[in-house]
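Reviewing the structure listed below.
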Amino acid sequence: MSLVDRAKNICLTPNTEWPVIAAEPASTGTLMTGYVVPLAAIGAAAGFIGGSLVGRTLPFIGTYRVPLMSGLVLAVFAVCMAVVGVFVLSFIINALAPTFGGLYTTSRTKIGLTVLLAIGLLPSVAVPPAINAAELAGFIAREMAIGLALGLTVRALVGGVEFAGHLSGFQMGLMYAGTIDPSSGAKHTVVTTMFNMLAVLTLFAIDGHHTILRALTNSYAGLPVGDGGVNASLVTSVRDTLALVFVTAVRLAAPMVVVLLIVEIVIGFISRITPALSFMVIGYPIRMLVGLFVLGIVVTTVPGVVHSLSDRTIRLALDAAAAFR
């Protein structure tokens, strides 16, 4: 398959193309020479043609062309730095993705933790009298719905923080790694992973896991095992839970989005005034530096936001569970 067809399939049919790529035997050298170097050479060649052959028009100076030898040196340097950057980035992703990817928690581990939790809660659960198979199936379905309501609502808080990480990473231009990584099983960027870890650690630091377990235990007192139905309040609970995700994401990602929008506008004006300063050359480094500075400030607010929303999240979880009374 040619490089053009491979790039077109990745963009148009990624769900079918990535499994094909994962099944192909390839070494690091083959990937570098077959994909990375040609793609990096396209940008370097375009820069050489534009800078040394065509030239740039500067105010009060006229057309300026970079000397051919200097242009060639810069083009070779750009290709080398692109190869080194891809190699280092892929090494970091390959090393960290299995550690932070949530998909690597095996089903056996989840089942084991669920069984241990059920055994721990068994003394506080009132077991109903003997029932037939049909009633037992209904009881199990109701308990599953209550458990999902509690778990998904709490997960919505962490999901909102992850969403903020996605927005921040997208604004900074860090979404590429999560898009081109076919083998790790995790589509999160570094920023999203960091926000996720901060949210989870904050919940542990404020004893949020104890609060969740107490809410689960108390749910058996307020919603004993037995018959039940679905209340109309479930719609309101779902709406409030979705609102929690977006409100959390906006509160955390708004500074990054606003600041980088201003940076983009300023760079656009500068590029318009002085066309010699290519937006692609100066825009990405400036956006990255400003984004890292803002990210350093935003990260310090994540624990506070999670702490302030934890009580509301627990109330939403209990309200969602109560819809199956």
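Odds and ends about this structure:
- VAL158 surrounded by 15 or more Cβ atoms within 10 Å (Cβ to Cβ), modelled with pLDDT of 85 or more and either among the hydrophobic types (A, V, I, L, M, F, W, C) or not in a helix (DSSP H, G or I) (or both): yes
- Pairing each residue of region 239-254 that is within 14 Å of PHE170 (Cβ to Cβ) and in the same structural domain as THR153 (by TED's automatic domain parsing) with any residue that is part of a helix (DSSP H, G or I) and of a type in the set (Phe, Trp, Tyr), provided the two are 6+ apart or on different chains, yields C-beta distances under 8 Å for ALA249/PHE163; LEU252/PHE195; ALA253/PHE163.
- Residues located in region 48-68, provided they are closer than 26 Å to VAL86 by Cα and modelled with pLDDT of 80 or more: PHE48, ILE49, GLY50
- Qualifying residue in region 54-64 (condition: more than 40 Å from the chain's Cα centre (by Cα), without any contact (Cβ under 8 Å) to a residue 40 or more places away in the chain and in a helix (DSSP H, G or I)): yes
- Flag if GLU143 is within 18 Å of the chain's Cα centre (by Cα), assigned to a helix (DSSP H, G or I) and in the same structural domain as GLY208 (by TED's automatic domain parsing): no
- Residues in region 205-243 that are of a type outside the set (Gly, Ala, Ser) and in a helix (DSSP H, G or I): 18 in all.
The values are calculated or read from the model by the stated rules, or taken from the named source; none is laboratory data. If you're wondering where the values come from, they're calculated on a predicted model, not measured in any experiment. Cβ sites come from the backbone with ideal geometry, for glycine too, and all protein chains shown count toward neighbours.
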